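Structure first, then comments.
Please treat every number below as a calculation from the coordinates, not as lab data. Predicted, not measured: the structure shown is a model, and the values here were computed from it. Glycine also receives a Cβ, built like all others from the backbone with ideal geometry; neighbour counts cover every protein chain displayed.
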Amino acid sequence: MTRQAHQDRLRDDALAAQFDDTIAHEQRIEPRDWMPDGYRSTMIRQIAQHAHSEIIGMQPEGSWITRAPSLRRKAILLAKVQDEAGHGMYLYSAAETLGAERGDLTERLITGRQKYSSIFNYPTLTYADVGVIGWLVDGAAICNQVPLCRSSYGPYARAMIRICKEESFHQRQGYELLMTMMRGTTAQRDMVQDATNRFWWPSLMMFGPPDDASPNTAQSMAWGIKRHTNDELRQRFVDMTVPQAEKLGVTLPDPDLRWNEERGHYAFGAIDWDEFTAVVKGDGPCNAQRISARRKAHDDGAWVREAAVVHARKARLEAESTSGAAGEAGP
Amino acid sequence: MTRTVKAGEAGYQLYEVFLRGKRGLNHVHVGSLHAADAQMALHHARDLYTRRNEGVSIWVVKAADITASSPQEKDPFFAPSGDKVYRHPTFYDIPDDVPHM
C-alpha cells in the first residue's frame, strides 16, 4: 500500500467512525456530512420512491374532483390532492440534498425504473373510495410516517414532520366523509362497505413484505433510516383501525380478524403476497394508466417550463439594459 | 452549497426557501424548490410552503449563491469558541445568597 493510499484509508476510517458515532448518539446526518455510499443510495431510493408515491397518489382521487357531490367536498378534495403534490415536492427537495437530480428522478419514474407505493395501482370506483383512501390508505401512511420523523437523515425527517401534520387532515376528512355516508341511504352504506372490502388488504400490503422476506430491514434499522419493522407497523395499524371500523359500522373483510388476549393484539388472516408481488411488478389494475398519465403531464408541461425560462431570461436582459442606460445617463 | 440544476430542466435553478412564521421571529430555512427566476420561486414557495398560514414573509435565495462551512473542517473551524468557558455565566461561582444574579 502506498503512503497516499494508506492516508486515504485512515481518513475514510475516521469519517466512518464519525458517521457511526452520529447515528449511535441519535443525532441527524446532514447533507454535507460524509456518509457510506450504501446509506446515500438507500436514502435516495427510499425518498424518491416516497416522492413518486405522493405524486402518483394524486391520480386515484384526482379523478373525482370534477364529480364531487358538493362544493364543500370538492374544496376539501382539491386541498387534499394539492397537499399530495406538495408532499412530493418536499421529498424531491430532500432527495436532491443527497445529490440526486429532480429531472432524473422524474425520468426514472416514468420509465418504470423506480417504484411507487403499490396501493395507487388500484382503481377508485365510487366517491366512497375517496373516504376510504383517507381513512385506511392515509391512516396506514401515517403509521409508516410518524416514526420516520425521527429518521437519521435530517432533511428527510424534517420533510416527514411537515407531511405528518398535513396527513392528519387527510385521514380525518376521509373518516368524516364515511360517517356522513353511513348516516345516508342503504345504497350509500353499501358503497362504504364495498370500498372498505376493496382497500383493506391492499392497505395492509402498504407496509411491505413480511419481516422474514425483507432483507434490507436490518441494515435500514441499524442506520436509523427505519425505526420499526414492516410487521410491527402493520400490527399497529390493524390495532388502531379495528375500533374505528366498529365505530363506523363497517365490517373489515377478514374472517380471521379477532382480538388475541394473550398477545394483546388483533390477529388477522394471511395476506396474499402473490397479489402484492404482481402489482409491484407492474401487473396491477392501473399501473400502465398511472405511468402514462404522469408521462403525459410531464410532456404536456414541457412548453410551460421552456416558456418560463425564456421569459426569465428576457426579463433579466431587459432589467440589465435599463440599469445600463440609467448608468450612462448619470452624472 | 454547490447544488445546481442540471440539463433536463435547463434554465431552472435551485432556490432555498426561508419563512418568517410570524412577526417577531427570524426567517427559518424550510426547504428548496426549482424555478426559472426569483419571482417564480417566490410564487412557488407560497404555494408549496405556506398552504396553512405558515408564513408572513418569504425569502428565496439561489442555492448556488450560498457559501457554507464544510463539515469536514468542523473541529478546527469552530475550535476558537470551544475552549472559552469563561464566556458562559455558569463559569462564575457566586454564593447562593446573592440575590438577583
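Suppose we flag GluC sites (Glu not before Pro) only when DSSP calls them loop and at most 16 other Cβ atoms lie within 10 Å. Which is the longest uninterrupted stretch of chain A? By the stated rule (loop sites, at most 16 other Cβ atoms within 10 Å), A:27-260. Only lysines eight or more places from B:LYS84 in sequence, or on another chain, were considered; those with a Cα closer than 27 Å are B:LYS74.
When all C-alpha to C-alpha distances in region A:20-66 are sorted into bins of 5 Å, what percent of pairs does each bin hold, rounded to whole numbers? Answer for region A:20-66: a P(r) of 5, 16, 17, 18, 12, 10, 8, 7, 5, 2, 0 percent. Placing pseudo-labels 7 Å out from each Cα toward the beta carbon at A:ALA319 and A:ARG113 gives an inter-label distance of 3.6 nm. Largest GNM mean-square fluctuation among B:LEU48, B:LEU19, B:LEU33, using chain B with Cα springs under 10 Å: B:LEU48. Remark: mean inter-chain Cβ contacts per residue of B:40-49 equal 2, using a 10 Å Cβ-Cβ cutoff to other protein chain atoms. Of the residues A:THR277, A:GLN244, A:SER292, the one whose Cα sits farthest towards the positive end of the charge dipole of region A:243-315 is A:SER292 (charges of +1 on Lys and Arg Cβ, -1 on Asp and Glu Cβ, taken about the Cα centre). Placing unit charges on the Cβ atoms only, positive for Lys and Arg and negative for Asp and Glu, gives the protein assembly as shown a dipole magnitude near 1240 debye about its Cα centre. Note on A:ASP272/A:ASP20: beta-carbon distance plugged into 1/(1 + (r/R0)^6) with R0 of 45 Å gives a FRET efficiency of 0.70.
Between 0 and 90 degrees, the angle of helix B:38-49 with respect to the longest Cα principal axis of chain B falls at about 70 degrees. Annotation: aspartates and glutamates with alpha-carbon distance below 14 angstrom to A:LYS247 (same-chain offsets under eight excluded): A:GLU176, A:ASP239. Of the trypsin sites (Lys or Arg not before Pro) found in region A:249-309, those that fall in a DSSP loop while having at most 10 other beta-carbon atoms within 10 Å are A:ARG263.
Using alpha-carbon pairs under 8 Å, 6+ residues apart, how would you state the relative contact order of chain A in percent?
Reported relative contact order: 18 percent.
If you sort the three axes of the alpha carbon gyration tensor as a ≥ b ≥ c, you get a/c of 1.5 or more for region A:51-167 and a/b above b/c, which makes it prolate.
For the protein assembly as shown, give the share of DSSP beta bridges that are antiparallel, in percent and rounded to the nearest 5; count only bridges with both residues there.
Working: 17 of 18 bridges.
Within the protein assembly as shown, antiparallel bridges account for around 95 percent of the total.
Radius of gyration (Cα atoms) of chain A, expressed as a multiple of 2.2 N^0.38 Å: 1.19.
Cross-link reach is defined here as a Cα-Cα straight distance under 13 Å, omitting same-chain residues fewer than 8 places apart; for A:LYS296 the aspartates and glutamates meeting it are A:GLU107.
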